[in-house]
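Below is one structure; the comments refer to it alone.
The values are calculated or read from the model by the stated rules, or taken from the named source; none is laboratory data. Just so we're clear, the structure is a prediction, and the values are computed from it rather than from any experiment. All Cβ positions, even for glycine, are placed from backbone atoms using ideal geometry, and neighbour counts span all protein chains on display.
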Amino acid sequence: MALSRFGDITAIGALIVGLLAGMIGSWAVTWKTKWGIDETLDAFAVHGVGGIAGTICVVLIGSSAAPAGITGVLFGGEPSIIWRELVAVAATCLYSFGMTALIAWALKKTIGIRVDEQTEQIGLDEALHAETAYAD
C-alpha cells in the first residue's frame, strides 16, 4: 500500500517533505547535467526523483495526528512499511518505463519519432515554424 497521499502527514511535515524532495530533485538535475544524460525537460530528474524522495519521506515522517492517522517509521510506526513503499515505487517505475517503451515503439512503427539530420541540425523551431526558441 503506497502511503504518499493527502492526509498522511501534517502541514509542517508536508513542508519538510517538499523541501527535501525539491532539494533532491534539484540535485538530480545537476547530476544529470554533469554526466551528460540527454533528458531535455528534466522530467524524470524533477518529477521522478523528487516524487520518489517525497514518497519515501512520507513513510518516514507520517503522523498519527494527520487525517489518515498513519504513524511514520521515525515516530514509532511499523518498519515493514518501508519495504511495501519501496515495492510500490519499483512497481510504479516499471509500469511507467514499460508503458513509455510501448508508446515509443508504437510511434516508431507508425509515424516515426525522429526527424532527418538536416532538420535536427537546423533545429525544429527554425525548420518547422521559422522561429527561434532562444534569443541569439
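Each residue in the range 101-120 was checked for being part of a helix (DSSP H, G or I) and exposed (fewer than 10 other Cβ atoms within 10 Å of the Cβ), and 4 of them qualify.
Going by the conditions given, is Trp35 of a type in the set (Phe, Trp, Tyr), modelled with pLDDT of 90 or more, surrounded by 11 or more Cβ atoms within 10 Å (Cβ to Cβ) and more than 21 Å from Ala11 (Cα to Cα)?
no
The listed residues are Ile81, Ile9, Ile24, and the only one of them that is in a helix (DSSP H, G or I) and more than 30 Å from Ala133 (Cβ to Cβ) turns out to be Ile81.
Ala68: outside any loop (DSSP other than H, G, I, E, B) and either within 13 Å of the chain's Cα centre (by Cα) or more than 30 Å from Ala133 (Cβ to Cβ) (or both), yes or no? Here the answer is no, as Ala68 does not meet what is asked.
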